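Only one structure is covered here, and it is reproduced in the block below.
All of the numbers you see were taken from the coordinates with simple rules; none came from a lab. Since the model is a prediction, treat every value here as computed from it, not as a measurement. Note: ideal-geometry Cβ built from the backbone for every residue, glycine included; neighbour counts use all protein chains shown.
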Amino acid sequence: MPKLARDLLFPLIAVVAAFIVGGILILLVGDNPIEAYRLLLGSAVSWPDGIGYTLFHATPLIFTGLAVLVGFRCGLFNIGAEGQLYIAAFATAWVGITFANLSSWLLIPFCFAAAILSGAFWGAIPGVLKARFGSHEVINTIMLNFIAVALVSYFTQYHYKVPGDPILQTAPIGAGAHIARLGKFVPGFPERIPLNVAFLLALLCCLLVYVFLWRTKWGYEIRATGSNPFAAEYGGISIRKQIVLAMAVSGALAGMVGINEVLGYRYRYYDGFSDNYGFTGIAVALLGRNHPVGVILAALLFAALQHGGIYVDGFSEHVTKDIVQVLQGIIILFVAAEAFFKWLVGRRQRVIGTQHVNLENPVIVSKEI
Amino acid sequence: MLELRQITKRFGDVLANDQVDIVVKPGTIHAIVGENGAGKSTAMRIAYGFYTADSGEILVDGQVRDIRSPHDAIALGIGMVHQHFMLVETMTVAENIVLGAEPGSTLALDLKSAASQIRQLSEEFKLAVNPNEPVEHLSVGQQQRVELLKALYRHARLLILDEPTAVLTPLEVEEFFAILRRMREQGKTVIIITHKLSEVLAISDEVTVMRDGKVVGRVQTKETNAAELARLMVGREVLLRVEKPDAEVGRPELEVRNLSVTDIFGTKRVNDVSFEVRSGEIVGIAGVEGNGQTELIEALAGLVEPARITGEINFEGKNLNALGARVRRELGIAHIPEDRHRRGLLLDFSLAENAILGVHYRPPIAAMAGSIFLDDNAVQRRASEIIQRFDVRPPNAALPARALSGGNQQKLIIGREYHVDPKLLLVSQPTRGVDIGAIEFIHRQLVSLRDNGCAILLVSAELEEVTSLSDRLLIIHNGLIAGEVDPKVATLEEIGLLMTRGH
């Protein structure tokens, strides 16, 4: 089987299987699965709203999917994209508010820098902790999520809220910080749909991440560290440096969610805006097989589900939009099952191959097993 | 006793056994030899019921038998000892031996009668082990005896031993052979799978030679010699001894002064070691594995934190202690690690990506000095040079390193480390798990590198390898240099004693 077909096959099986299981659940609830799926997916391809909103929802998922991907490629599990994107979104809004009078030419780059650098900073913290003290990034990123959310809530509530506003949100950013919605350029595409330039930036990031990981020496070092840290060390690569670098890049990518949210959509920091983008990013990266192209496809699927969920809620009798969560959950389950399946196959192959492997390198095998 | 007739077994596209005929006479020690992947273990696993043959039949005591599982094999009196022991470390010897064949009723385990039975067996075959000792307290050689007892306890009349000496020290090998001879005296039949020719000649009565899944020779041990067996195994003439001119020794490249290395648990693994390696010579380090060789080489290669090192490592007069692996490589130190899967390779990366490890960040691989982009042409060029010069097969730079056999993986690593024209080469277990044909090639390459003025520090657990390659030989025991001998005049016994006793 060619590599591409093989790479596509497993995620496809996972998705189809999830829809079958989901269909059974819908039947059990008492609705017609075909009708529910028509509502769910049909709405995502309608022009312009369906497509517009699907792409809009896909934007943060592409960023967080890439963030998780870069971590994975270095052997790190960044569960902290959620915290990184909150910190970054707030920092973006802060720059947009504080320097509101600057011209767009200065303010927009400043805001971009704020999103990227603050995300990178928040991501680098667990990187440094791991590199310096060996403390596990999973624990630290989870804890930093709580800190990030509480921190930005605090600043919003006590320092940056418009007095009297019942909603927990900051004052609006300066008009110069707004980035264009795509309706401005695309004929027949209404500007009320919040799809904006950040979507194009997300696609650009996919390309950049690909080039970075597979065409530069830094990417090589990150991937080498992820693939076999002992061999990387042997090759003169500083593992500590790679861990910090990968976590910073990962955080920067997650932070760019702030560009979409603050500069392209709400034009202010709105507390609790993230619909678990950071965590869904893990699913996106897994389903996308840790490849930038896969991340785009997986993000589109999850975004379509998210958008279609509203229609299911509105138009079907029993099923609610929770079906989206259910489907996402089952997809992840099947993706994880792939690893399990492969492990099974691998084990069988190892048994068959033992004669070969054992003789080749007795000591290594005994160390591994 | 055992006869395999026309056994054929395929794994996917690979024909592992092709019409294999093996006849093992009762009461003999029968060696099955061949290179890696020749199909010897496959054939024995079929006899033991691990695999079922695609075609062909197995005869036990002259009768065709259907062996579908190890259970069937055990019932017929066939036992097998695997290369990797299958023992539960926390259980006692007796518990391990009865595991799966527990005596007594379903509920009550009768370990006492088992223990007395085990004692009787170990007396009969002089396999001294204490049945009540936990296995984790036993040495490797003792664990092997437990494996033998396990088979004997199940009334095995035929024992299949897969590479039994791979884990033993020279002294343990001698004891082990004595055990095998006693078993033969007691009427047992033994099949020993190996690729060490000296052992075949020392212990066996008959030899079956396999190559590429076929039986290519059946000889009486008395009527053959190492050269003939090697020729049968490889399919061409093989030079078993390394031919090398006298060393033309130059100035000292590596100077180690009072070096001590502590492991991460705080145990001193290398203890106040001093020596030097001059250009144009191979200095060998012989020793039983685990006596500090690994730590010594890793410390020299820059893979041990400076805080765990005391003493001095000087290279061309420059102190290396504080320098990392990258700087040491830049100075001209190359390293062929003992564990190629752990240290030497990125198994999921392509051969091309593996070929640039260590030089990936500088020209010509990074397009120019300071550039962050990899020059794909340069990567491919380097990979194909290494693949061609070191005959790495299959010669496809896009394959993942995982897809290669051990010997070819090793050739790739050696090719990569030679490509930088090192002034000092640290090399550990260069031919572990490598076929005889490739061993000869690797040895020739080491000697030619030496003749070009490289200083080489060689660590190997194969005594014959270190003694035949080295110009000077240091013996390491318990982290200390136990002595230096001239490998041309020292006897294996002399070296073996230094290795095991330290004086």
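The distance from the alpha carbon centre of the range A:115-135 to that of the range B:65-90 is 52 Å, rounded to a whole number. For the range B:1-61, the Kirkwood estimate of hydrodynamic radius, built from reciprocal distances between every pair of different alpha carbons, is 11.8 Å. Here the 3J(HN,Hα) profile of the range A:27-35, calculated from phi with Karplus coefficients 6.51, -1.76 and 1.60 at θ = phi - 60°, is 4, 4, 5, x, 10, 8, x, 5, 5 Hz, Gly and Pro shown as x. Would you grab the residues whose amide H sits under 5 Å from the one on A:Thr216? Only those 5+ places off in sequence or on another chain, please, with H modelled 1.01 Å from N. Close amide H contacts, sequence-distant or interchain: B:Leu374. By the rule of a C-alpha distance below 22 Å, with chain neighbours fewer than 8 residues away ignored, the lysines paired with A:Lys241 are A:Lys130, A:Lys217. The C-alpha radius of gyration of the protein assembly as shown, expressed as a fraction of 2.2 N^0.38 Å, stands at 1.14. Net charge of the neighbourhood of A:Ile323, taken over other residues with C-beta under 11 Å away and scored Lys/Arg +1, Asp/Glu -1, is -2.
Take the range B:238-364, drop everything but the C-alpha atoms, weight them equally and run the Debye formula without solvent; then report log10 I(q)/I(0) at 0.14, 0.17, 0.19, 0.21 Å⁻¹ to two decimals. Reported log10 I(q)/I(0), two decimals: -0.76, -1.06, -1.22, -1.33.
For B:Ser428, the residues 5 or more places off, or on other chains, whose built amide H falls under 5 Å of its own are B:Ile336, B:Glu338, B:Val459. Each Lys and Arg adds +1 at its Cβ and each Asp and Glu adds -1 at its Cβ; summed about the Cα centre, the protein assembly as shown shows a dipole of about 1500 debye. Once you have a ≥ b ≥ c as the square roots of the Cα gyration tensor eigenvalues for the range B:144-278, tell me rounded if a/c is under 1.5, and otherwise prolate or oblate according to whether a/b is larger than b/c. Cα axes put the range B:144-278 in the oblate bin. Across the range A:118-131, coupling constants 3J(HN,Hα) worked out from phi with the 6.51/-1.76/1.60 Karplus curve, θ = phi - 60°, read 5, x, 4, 4, 5, x, 5, 4, x, x, 5, 4, 6, 5 Hz, and Gly and Pro carry x.
In chain B, Cα pairs under 8 Å separated by at least six residues give a relative contact order of 14 percent.
Among the residues of B:398-408, the average count of other protein chain beta-carbon atoms within 10 Å of the residue beta-carbon is 1.
Per residue of B:336-343, other chain Cβ atoms within 10 Å of the residue Cβ number 5 on average.
Order these by the 10 Å Cβ neighbour count, fewest first: B:Met1, B:Met86. Neighbour counts put them in this order, fewest first: B:Met86, B:Met1. Rounded to two decimals, the Cα radius of gyration of chain B over 2.2 N^0.38 Å is 1.07.
Scanning residues 5 or more positions from B:Ile160 or on other chains, those with amide H under 5 Å from its amide H are B:Gly79, B:Met80, B:Val81, B:Ile191, with H placed 1.01 Å from N in the peptide plane. Which shape class, rounded, prolate or oblate, goes with the range B:177-219 when its Cα gyration tensor gives a ≥ b ≥ c as root eigenvalues, a/c under 1.5 marks rounded, and past that a/b bigger than b/c marks prolate? Since a/c reaches 1.5 and a/b is larger than b/c, the shape of the range B:177-219 is classed as prolate.
From the P(r) of the range B:371-503, could you give the percentage of C-alpha pairs in the tail past 25 Å? Pairs farther apart than 25 Å: 37 percent. Per-residue Cβ neighbour counts within 10 Å put A:Cys205, A:Cys111 in the sequence A:Cys205, A:Cys111, beginning with the fewest.
From the Kirkwood radius over Cα pairs of the range B:73-196, Stokes-Einstein at 4 °C and 1.567 mPa s returns a whole-number translational diffusion coefficient of 88 µm²/s. Each residue of the range B:376-383 was assigned a 3J(HN,Hα) from its phi angle through the Karplus expression (A = 6.51, B = -1.76, C = 1.60, θ = phi - 60°), giving 4, 4, 5, 4, 5, 4, 4, 4 Hz with x at Gly and Pro. Each of B:Arg393, A:Arg181 was scored by other Cβ atoms within 10 Å of its Cβ. Arranged with the fewest first, they read B:Arg393, A:Arg181. An oblate overall shape is assigned to the range B:219-291, the ratio a/c of its alpha-carbon gyration tensor axes (a ≥ b ≥ c) being 1.5 or greater and a/b not exceeding b/c. Which listed residue (A:Ala298, A:Asn145, B:Ala301) has the Cα farthest towards the positive end of the charge dipole for the protein assembly as shown, taking +1 on Lys and Arg C-beta and -1 on Asp and Glu C-beta about the Cα centre? Checking the options against the dipole of the protein assembly as shown, the answer is A:Ala298. Which value in Å does the Kirkwood hydrodynamic radius of the range A:228-317 take, with 1/r averaged over all unlike C-alpha pairs and then inverted? It works out to 16.0 Å. In the protein assembly as shown, the calculated helix contribution to ellipticity at 222 nm averages -15500 deg cm²/dmol per residue, counting -39,500 (n - 2.57) for every DSSP H run with n ≥ 4. Counting only the Cα atoms, the range B:329-430 fills a convex hull of 90 Å³ per residue. The mean count of C-beta atoms from other chains within 10 Å of the C-beta of residues in B:364-371, rounded to a whole number, is 1.
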